[in-house]
Amino acid sequence: MESYMSSIGSRLQMLTTSDHASVVSMNLFVALLCACIVIGHLLEENRWMNESITALIIGLCTGVVILLISGGKSSHLLVFSEDLFFIYLLPPIIFNAGFQVKKKQFFRNFMTIMLFGAVGTLISCFIISLGAMQFFKKLDIGPLDIGDYLAIGAIFAATDSVCTLQVLNQDETPLLYSLVFGEGVVNDATSVVLFNAIQSFDLTNINAAIAWDFVRNFFYLFLASTLLGVLTGLISAYIIRRLYFGRHSTDREVALMMLMAYLSYMLAELFYLSGILTVFFCGIVMSHYTWHNVTESSRVTTKHAFATLSFVAETFIFLYVGMDALDIEKWRFVSDSPGTSVAVSSILLGLVMVGRAAFVFPLSFLSNLAKKSPNEKISFKQQFIIWWAGLMRGAVSMALAYNKFTSAGHTHLRGNAIMITSTITVVLFSTVLFGLMTKPFIKILLPHPKHQSRSMTISSDPTTPKSFTIPLLGEGQDSLDDLGGHDIDHPSSIRALLTTPTHNVHHYWRQFDDAFMRPMFGGRGFVPFVPGSPTERNPPNQWH
């Protein structure tokens, strides 16, 4: 009995010690997040150093300190968890991207964005996979099958253009910004969908039937995930418009928007779809309908709440990547052959650059052929910036690499350790070096005029969550409404008819939106009914 009680006591003591260690780790990690925010604020004037690079460098320095204190046993405070990344950190980042997107430019360039983000990612994945298969077989890195090589292609086809977006101004270069931003999100979604499709198929004995099933499964995931996101966003808009939560509590409006957004992501994961695509299009639909159905205080709250959650999650990821770069467990496997690790990293970096160039310039040429207006065509300088923006690798590549080559954050095989260390090296090198060179490149290639119309800056895309400086319920057109514009003058010749169509897709979308969607789901012009407010005198369904 005494031995039994003593064993229970020792277990409780171990559990208490483990819990205390977790609390200490979380305290240190939160303190580091605070340090990243403070240092990022101090470096705000110098846009050479963005938040991603700052968090990576702080993570590296912290990793060195922990490594010295622990006697070379560990370099990070937390063990990497794919669930932590995919379930808690990634959804707010992707949702905020869709929620804050300037829809006018995004949908105006939708076909080009899909061309770059979907077709371009497939081309890049194929080239990286083919190159890795050719070069890695000559290196001694362990057994890899065709599924592993295709997974490597999907991992390194995922871009991270955050450094470029922090330097670009979406009011000064709206076309370039929308292409880089839109392609980045669609690229991440395509990479994850492609990675999941590769994981779910046995590609060791590939034939025509397996290849057809693979393609069909890929497009099914893509379309079904998009439709689920749109449907969830429309349901949230309909519920909030009909029930008027704001008359009792704005907290309920905010909570429902957050939970519905998160629910869209979890539903996608439940049905084995792409949560990234689902939550991104849910964010777009919510910003077009749901956001306009809530009270003014809820609009301000949601705008800043989603942006804050996204910022903290992104900083968290880069901080961890910086610390994990010095993980002794992974580097111990490659310590006997550092040349192999350097060769693998160099090959992957070269393949990323070649794979990126293989689709950016040809697809830009095809896109320009379909555009009549010179202002809508992508110049060679802009093509170079788009190519450069996609060279950086970040959080999605890291998460997919951990998913493929580790078990619960640990590596047990030499080949897997080499792939993890190579991924970390490519992420660090591309983010820091390419990120630091982004600003001077853009300054040289795309010099901006010193004086710019203030009115142009404010009115570029009004009444979206991003452009919150104008009156919330003003008469400005919404970003999707502006796509149709006013009636276009009829062309006076056949040549004018070919170059200036009488109506376009956006015109018909606006007509459909005004006639069917807005009366049911609300949106711009819908004034929520709040007792005691000036809107109480107006009918709750009044449109302006």
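The values are calculated or read from the model by the stated rules, or taken from the named source; none is laboratory data. Small disclaimer: the values here were computed from a predicted structure and weren't measured. Glycine gets a Cβ as well: all are built from the backbone with ideal geometry, and neighbour counts include every protein chain shown. In case anyone asks, the SASA skips ligands and DNA or RNA and just uses the protein heavy atoms, side chains included. Shrake-Rupley method; radii C 1.70, N 1.55, O 1.52, S 1.80 Å.
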How do the peptides 392-398, 54-60 rank, highest first, by the average count of neighbouring beta carbon atoms within 10 Å per residue? 392-398, 54-60
Report relative contact order for region 274-423 in percent, whole number only (criteria: Cα-Cα under 8 Å, sequence separation at least 6). 31 percent
Cβ-based charge dipole, region 189-316, positive-most Cα from CYS282, ASN293, TYR220: ASN293
Once Rh is set to the Kirkwood radius over Cα pairs, what Stokes-Einstein translational diffusion coefficient, in µm²/s, holds for region 306-444 at a temperature of 20 °C and a viscosity of 1.002 mPa s? 125 µm²/s
Computed over the Cα atoms of region 161-271, what is the ratio Rg over Rh, Rh following Kirkwood? 1.11
Kirkwood hydrodynamic radius, computed over distinct alpha-carbon pairs, for region 94-229: how many Å, to one decimal? 16.3 Å
For region 109-231, give the magnitude of the charge dipole about the Cα centre (Cβ charges: +1 Lys/Arg, -1 Asp/Glu; no others), in debye to the nearest 20. 260 debye
Computed D for region 147-221, Stokes-Einstein, Kirkwood radius over alpha-carbon pairs, 25 °C, 0.890 mPa s, to the nearest µm² per second, is 175 µm²/s
Work out how much length GLU269 to TRP509 would gain on full extension: take 0.36 nm times their residue separation and subtract the Cα-Cα distance, in nm to one decimal. 83.4 nm
Ranked output for segments 96-104, 124-132 by mean other Cβ atoms within 10 Å, highest leading, reads 96-104, 124-132
For region 211-364, what are Rg and Dmax over the alpha carbons, in angstrom? 21.7, 68
Residue separation between ASP145 and TRP387 times 0.36 nm, minus their alpha-carbon distance, gives in nm 84.1 nm
Give LYS104/LYS377; LYS103/LYS303; LYS303/LYS443; LYS377/LYS443; LYS102/LYS303; LYS104/LYS439 a once-over and call out the pairs whose C-alpha atoms are over 24 Å from each other. LYS303/LYS443; LYS104/LYS439
Can you give the accessible area per residue of region 261-301, in Å², using a 1.4 Å probe? 29 Å²
Could you rank the peptides 191-200, 263-272, 360-369 by their average count of other C-beta atoms within 10 Å per residue, with the highest value first? 191-200, 263-272, 360-369
